[in-house]
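Asker: To start, I am sharing the structure in question, which I have written as structure tokens.
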Amino acid sequence: MDRRKFLGSAVTTAATISLVPRHVLGGKGFIPPSDKITVANIGCGTQGLRELPGMLENPHIHVASVCDVNTLTTDYLDWSAHGIRDSIRKTLNEPDWGSTYDGIPGGRDIGKEYVEAYYAKHMPSGTYNGCTAFEDYRELLAKESDIDAVKIMTPDHHHAHLAIAAMKEGKHVITHKPIANRMAEGRLTIETAKKSGVKTHLLAWSHRPEYELVLKWIKEGTIGNLKEIHNWSYRPVWEQWPSRPKEEAPIPKGFNWELWLGPVPDIPYHSFYTHNRFRGWYDFGGGSIADMGHYSLFPLFLSMGIDVAPISAKAYGTTHRYVDGNSYKWVENDVSFPLSCLIQFEFPTQKNLPAFDLLWYDGGMKPFVPEELKEDNRDMPNEGMMFVGDRGKILAGFRGEKPEIIPSRVMKAYEGEKEVPERVRERRSDTWVKAIKEDIEAPGSFTYAGTVTETINLAAVALRAGNKVVYDSESMKITNDESANKFLSRTYRKGWEL
């Protein structure tokens, strides 16, 4: 008998004998172990550790296993030197935790220690050693049959493989963005989600009522016919290299480089690829648009009913030169995203919107100041979103925050609804816990993420192709440049084919 059946039977038997409801046995708010969702946290780097409190502190969740190809090192990169350490200290209520670590820690040993230390504080005995740890998530899925769900916090190139493997084992899947960093892998992952019947959730989802208000303004004709949507981010914040490192570097002890590569064919190890540096490489990441664009575009597409994929994309990116003798030479870069880029997507007519162009900017690039802001003597914000019609514009924050019709005199004169509806706020893990427990689709279900997944992966295709690509979503094919179709998938390491 597995853990869940045993505990469920034990609690039910106890409740029957005592003739009282089982929640009474544990006091008010008690959730019996048999009713908890058991989760494997796969990926114990910076973001994997940063988001652990959201599960550990949720009484409906039990973190039963962790997984990472790294045992323990302190060479991770993050937004601050002590952010991860201080978060762990706060969650464990241990002000001296990690005082012996010189640097930013991560790896499966840290994940296991973190989980067990937290649960030990809530055990009568003060001890707990029930969290398993694995190097290979395939082994975890084979051995941990009692896991209900996996949370994917690995680099992007593992997302599709891990999600598909978990769903085939009947596990619910919660993943960090993106669903996949290749078009074909994203399509297969979403199709698997539809067929499997398990619950899925893309963590980039959030409730953004601002978009509902903006759509209302557009439908009312406040800016005329919508022509363009602009979205810009200051990312990347990680280092960005235009070519692969040439120097050799030893593989750190306790780090399984081949397993980290996973589906990607062999390349020599270098720290430039790992520990929060992967996002800028075509092999391993999805660039700034995959990193941040999911947060702005996924809720936008859902709120505005944008569910037909773009029909073309054109991209411009930063170029590089190097000195060879007395000459400047062009860097032919097909390994990494540029320092900054501009990507223009052409969208066909949607159910709520006419055909429009979506323009993405990153690396400090953004639209020039429009006349409407010049009238107000204002500059463009570092990050933002702008809706352009043939008779006006709407300016908002990066995720649609604080939308306003510009210039200010037009906003003041507008007599319609101006206040943004109240946003539903809840712990992030509550969103997918509810979906699993109530057997409903999560608001960020993979089944709703097809359009944003294709859009973001098409960006990389356009950058690598170097010219405008015309895309047929139904056949998942670039129709004007046969050579660009190779960027929709990847060459797989033997044994990792999908």
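A short reminder: the numbers here are calculations on the coordinates, not readings from a lab. Just so it is clear, the model here is predicted, and its values are computed rather than measured. Note that we place each Cβ from the backbone using ideal geometry, even for glycine, and neighbour counts take in every protein chain shown.
Asker: Which whole-number percent of Cα pairs in the chain have a distance greater than 40 Å?
Answerer: Value for the chain (Cα pairs over 40 Å): 27 percent.
Asker: Taking a ≥ b ≥ c as the square roots of the Cα gyration tensor eigenvalues, with a/c under 1.5 meaning rounded and otherwise prolate when a/b beats b/c, else oblate, which class fits region 21-147?
Answerer: Note, shape of region 21-147 comes out oblate.
Asker: Right, another one. For region 221-331, rounded, prolate or oblate, judged on the Cα gyration tensor with a ≥ b ≥ c (square roots of eigenvalues), a/c < 1.5 rounded, else prolate if a/b > b/c? Intermediate results must be reported in sequence, preceding the final value.
Answerer: Working: a/c = 3.04, a/b = 1.66, b/c = 1.84.
Judged from the Cα gyration tensor, region 221-331 comes out oblate (a/c at least 1.5, b/c at or above a/b).
Asker: Please give the Cα centre distance for region 30-98 versus region 252-323, rounded to the nearest Å.
Answerer: Their Cα centres are 24 Å away from one another.
Asker: Explain nothing, just the number: relative contact order of the chain, from Cα pairs under 8 Å at least 6 residues apart, as a whole percent. Can you show the working numbers first?
Answerer: On the way: 962 pairs, mean separation 85.9, N = 498.
Relative CO of the chain lands at 17 percent.
Asker: Starting from the Cα of Glu332, step 7 Å along the direction of its Cβ; do the same at Glu419; then give the gap between the two resulting points in nm.
Answerer: Going by the 7 Å Cα→Cβ label model, 6.1 nm.
Asker: Could I ask something else about it? Whole-Hz ³J(HN,Hα) for each residue in region 130-141, computed from phi via Karplus 6.51 cos²θ - 1.76 cosθ + 1.60 with θ = phi - 60°, x for glycine and proline: what do you get?
Answerer: x, 9, 7, 9, 10, 7, 10, 5, 5, 5, 4, 5
Asker: Any idea which of Thr319, Thr192, Gly224 is furthest toward the positive side of the dipole for the chain, if Lys and Arg beta-carbons carry +1 and Asp and Glu beta-carbons -1?
Answerer: Thr192
Asker: Once both labels are modelled 7 Å past Cα along the beta-carbon direction, what's the Thr100-Lys121 spacing in nm?
Answerer: 2.0 nm
Asker: Suppose every Lys and Arg Cβ carries +1 and every Asp and Glu Cβ carries -1, with no other charges. What dipole size does region 373-432 come out with about its Cα centre, to the nearest 20 debye? It would help to have the intermediate numbers written out before the result.
Answerer: Values: 13 positive and 13 negative charges, 18 e Å.
It comes to approximately 80 debye.
Asker: Restrict the search to region 196-226; then list the chymotrypsin sites (Phe, Trp or Tyr not before Pro) that DSSP places in a loop and that have at most 11 other Cβ atoms within 10 Å of their Cβ.
Answerer: Details: sites: Trp205, Tyr211, Trp217; in loops: Trp205.
Answer in residue order: no site qualifies.
Asker: Let me ask something additional. Cα convex hull of region 156-250: mean projected area in nm², to one decimal? Kindly include the intermediate steps, with their values, before the conclusion.
Answerer: Details: hull surface 43.4 nm².
Directional mean of the projected Cα hull area for region 156-250 stands at 10.9 nm².
Asker: When N counts the residues of region 279-417, how does its alpha-carbon radius of gyration compare numerically with 2.2 N^0.38 Å, as a ratio? It would help to have the intermediate numbers written out before the result.
Answerer: Working: Rg = 18.2 Å, N = 139, 2.2 N^0.38 = 14.3 Å.
Output field value: 1.27.
Asker: Rounded to the nearest 0.05, what FRET efficiency do Ile251 and Lys194 have when you use their Cβ-Cβ distance and R0 = 41 Å? Write down the numbers at each step before the final one.
Answerer: On the way: r = 39 Å, r/R0 = 0.96.
The formula returns an efficiency of 0.55 here.
Asker: Here is a follow-up. Loop only by DSSP, 11 or fewer other Cβ within 10 Å of the Cβ. Give me the GluC sites (Glu not before Pro) in region 455-497 that pass, ordered by residue number. Don't skip to the answer; put the middle values down first.
Answerer: Working: sites: Glu474, Glu482, Glu497; in loops: Glu474, Glu497.
Passing sites in region 455-497 are Glu474, Glu497.
Asker: Compute, for region 254-369, the length of the dipole vector about the Cα centre, with Cβ point charges of +1 (Lys, Arg) and -1 (Asp, Glu) only. Units Debye, rounded to 20. Write down the numbers at each step before the final one.
Answerer: Working: 7 positive and 11 negative charges, 69 e Å.
It works out to roughly 320 debye.
Asker: Is there a quick way to get the dipole size of the chain? I mean about its Cα centre, with the Cβ of Lys and Arg at +1 and of Asp and Glu at -1; what is the value in debye to the nearest 20?
Answerer: Numbers: 61 positive and 66 negative charges, 139 e Å.
Result for the chain is approximately 660 debye, rounded to the nearest 20.
Asker: List the GluC sites (Glu not before Pro) within region 300-406 that fall in a DSSP loop (any state other than H, G, I, E or B) and whose Cβ has at most 11 other Cβ atoms within 10 Å. Intermediate results must be reported in sequence, preceding the final value.
Answerer: Details: sites: Glu332, Glu346, Glu371, Glu372, Glu375, Glu383, Glu401, Glu404; in loops: Glu332, Glu383, Glu401.
When the GluC sites (Glu not before Pro) of region 300-406 are filtered for loop state and at most 11 Cβ neighbours within 10 Å, Glu332 remain.
Asker: A follow-up question, please. What are the ³J(HN,Hα) couplings of region 192-207, residue after residue, when phi is run through the Karplus curve with 6.51, -1.76, 1.60 and θ = phi - 60°? Round to Hz, x for glycine and proline.
Answerer: 5, 4, 5, 7, 6, x, 7, 8, 10, 7, 8, 5, 6, 5, 7, 6
Asker: Rank Tyr118, Pro263, Trp79 by how far each Cα sits towards the positive end of the charge dipole of the chain (+1 on Lys, Arg Cβ; -1 on Asp, Glu Cβ) and give me just the farthest.
Answerer: Tyr118
Asker: Does region 423-498 classify as rounded, prolate or oblate by the C-alpha gyration tensor (a ≥ b ≥ c root eigenvalues; a/c under 1.5 gives rounded; else a/b over b/c gives prolate, otherwise oblate)? Walk me through the numbers on the way to the answer.
Answerer: Values: a/c = 2.96, a/b = 2.05, b/c = 1.45.
Judged from the Cα gyration tensor, region 423-498 comes out prolate (a/c at least 1.5, a/b above b/c).
Asker: Using mean Cβ contacts within 10 Å as the protection proxy, how do 460-472, 69-81 order, highest first? Don't jump to the answer; show the numbers that get you there.
Answerer: Values: 460-472: 19.2, 69-81: 16.9.
Top to bottom by mean Cβ count within 10 Å: 460-472, 69-81.
Asker: Report, to the nearest 10°, how far helix 450-465 tilts away from the longest principal axis of the Cα atoms in the chain, using its own Cα long axis and a range of 0 to 90°.
Answerer: 60 degrees
Asker: Now for a separate question. What number does region 58-122 give for Rg over Rh if you use C-alpha atoms and the Kirkwood radius? Display every interim value, and only then the final one.
Answerer: Details: Rg = 12.1 Å, Rh = 12.6 Å.
Reported Rg/Rh (Cα atoms, Kirkwood Rh): 0.96.
Asker: Say the dipole of region 406-445 comes from +1 at the beta carbon of Lys and Arg and -1 at that of Asp and Glu; which of Tyr414, Val433, Pro443 then lies farthest toward its positive end?
Answerer: So the residue furthest toward the plus end is Tyr414.
Asker: Moving to a separate point now. Which value, in Å³ per residue, describes the convex hull spanned by the Cα atoms of region 360-495?
Answerer: On the way: hull volume 31.1 nm³, N = 136.
Residue-normalised Cα hull volume stands at 228 Å³.
Asker: Skipping prolines and chain starts, which residues have an amide H placed within reach, meaning under 5 Å, of the one on Gly384, given they are 5 or more residues away or on another chain?
Answerer: Trp232, Phe398
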